[in-house]
1. Would you check if there is a residue in segment 101-111 being of a type in the set (D, E, K, R), surrounded by fewer than 21 Cβ atoms within 10 Å (Cβ to Cβ) and part of a strand (DSSP E or B)?
2. Residues being among the acidic types (Asp, Glu), farther than 18 Å from Leu230 by Cβ and in contact with a helix residue (DSSP H, G or I) (Cβ under 6 Å, 6 or more places away or on another chain): count how many of those fall in segment 250-282.
3. Taking segment 48-64 as the search range and keeping residues that are open to solvent by 90 Å² or more (accessible area, probe 1.4 Å) and more than 23 Å from Leu109 (Cβ to Cβ), which one is modelled with the lowest pLDDT?
4. Give the number of residues within segment 65-95 that are of a type outside the set (Gly, Ala, Ser), crowded, with 20+ Cβ neighbours inside 10 Å and either under 13 Å from the mean Cα position of the chain (by Cα) or at pLDDT 95 or above (or both).
5. Six or more apart or on different chains, Cβ under 7 Å: which pairs go from a residue in segment 89-107 that's without any contact (Cβ under 8 Å) to a residue 40 or more places away in the chain to one that's surrounded by 16 or more Cβ atoms within 10 Å (Cβ to Cβ) and of a type in the set (Lys, Arg)? Could you list them?
6. With (1) in a strand (DSSP E or B); (2) touching a helix residue (DSSP H, G or I) at 6+ places or on another chain (Cβ under 9 Å); (3) small (Gly, Ala, Ser) as the list, and Ser214 as the residue in question, which single condition is left unmet?
7. Quick check: anything in segment 225-238 on the phi > 0 side of the Ramachandran plot, over 20 Å from the mean Cα position of the chain (by Cα) and in contact (Cβ under 8 Å) with a residue 12 or more places away in the chain?
8. Among what's in segment 112-134 and is in a loop (DSSP other than H, G, I, E, B) and closer than 18 Å to Leu32 by Cβ, pick the residue that is modelled with the lowest pLDDT.
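The values are calculated or read from the model by the stated rules, or taken from the named source; none is laboratory data. For clarity, every value in this text was computed on a predicted model and none was experimentally measured. All Cβ positions, even for glycine, are placed from backbone atoms using ideal geometry, and neighbour counts span all protein chains on display. What goes into the accessible areas is simple: the full protein's heavy atoms, side chains included, and nothing from ligands, DNA or RNA. Shrake-Rupley method; radii C 1.70, N 1.55, O 1.52, S 1.80 Å.
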Amino acid sequence: MHANATRPVTPAPVIPLHPGAPPGRRTWPELLWDLGCLEQVWIETELPGVRLTQQARLQGIRVRDHYAWVEGRGFALHGFLAHWQRLQGQPRGLRIEDAGGAKLLGISLARDASDFALRTLIQTHQDDDHRIPPGQGRHQPSPSTWQGPTDPDTRHDLAEVCGWLRLHPPRLRDHGRLTLVDHELVGCLFEALADQGRALHVLTGTRGIAQRFSGVFHTHHRRAGPWLQLIGDGARLRLDTGAIDSAWVFQRADTSRRQLRLYDDGGRALALVEDQPSLDGSEDPIWRTLINALSD
C-alpha cells in the first residue's frame, strides 16, 4: 500500500495488560517499544481544568514490571500500566484508556507527517477477540509499592499528579515548608513568566500517566471565561484558572528552591510548577519575585 493512501482506522483495538501474554497476543511494553518507530508526535494528558500537549520523540522507552518511562529533550513521560485497559485507534492518532473508557494519554501525528507507520502499528496491536477480563488492570498502586523512581520526592509528586494522593498539608509539612497563597493570582503569574520568557518545569497527569514539560511558554491568550492558553515551542498548556481551588508554595527541607502546587476543590493536584534553576542551583530571581507576590 502506498504510504500516502488513507483508509479508516479500525476503532477500539484492545491490548492485554500484562507483559507475559499468551502467544499471538500483544502486550503494552511491545506497543510502547513500537512507538519509537513513529516520527515526532504530540502527546497529551487532560483533566477537568488542565490540558498539557507537547511534541516528543518516544524513542528509548524503558519498562520495568508495570512502570514505563522515557525522558527526552524538554520532556519526560511516566506510565503506570496497571491502569491501562485498552487502545483506541483514532484518525491520525490513538488514545490509551482505563477500564471506564477515560483517556489516560492521547498521541497524535503532526499535521504533515505520514500516517502509514501509525496505521500499521494500530493494526498490529489490535486484539478485538480477546477482551481483558473484568477487574484486571484496576489495581491501585500506592507510593510505597509501585515500581518507579527510587527518589521519594519524585515518587510523591508523581502520586499526586496521578491522583493517588490528595492534598494533605500535614504530610507535605513533614518534608518541608508549605505556604497557602492567593490562587486567584496564578493566572497573572503564568502570564508574567511568559512575558519574561522564563523556563519552567510543569508536571501534570492522569490516573495512569504523568508527563513533564521543561521549557518556555512565550505566548499567552485569555480564552472565554477563566481559560488561559500558554504556547511554547512544541508545547501548549490550557489552564482553567477557575478550577484552581487552592495554591500552595512548597519548599523542601534540603533546598532553597520553591515549587507551586495547584489543586482543585477535591484536593486533586492539577499541576506542580517549578522554575528552571540557575547553574548553581539557586532560584531564578524573576520566579522568586513572582512567587513572593502570591503571598503579599
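1. yes
2. Selection size over segment 250-282: 1.
3. Residue satisfying both the conditions and the ranking: Arg64.
4. Within segment 65-95, residues that are of a type outside the set (Gly, Ala, Ser), crowded, with 20+ Cβ neighbours inside 10 Å and either under 13 Å from the mean Cα position of the chain (by Cα) or at pLDDT 95 or above (or both) number 5.
5. Arg95/Lys103; Glu97/Arg86; Glu97/Lys103
6. Ser214 satisfies all of (1) in a strand (DSSP E or B); (2) touching a helix residue (DSSP H, G or I) at 6+ places or on another chain (Cβ under 9 Å); (3) small (Gly, Ala, Ser) except (2).
7. Yes, that holds for at least one residue.
8. Ile132
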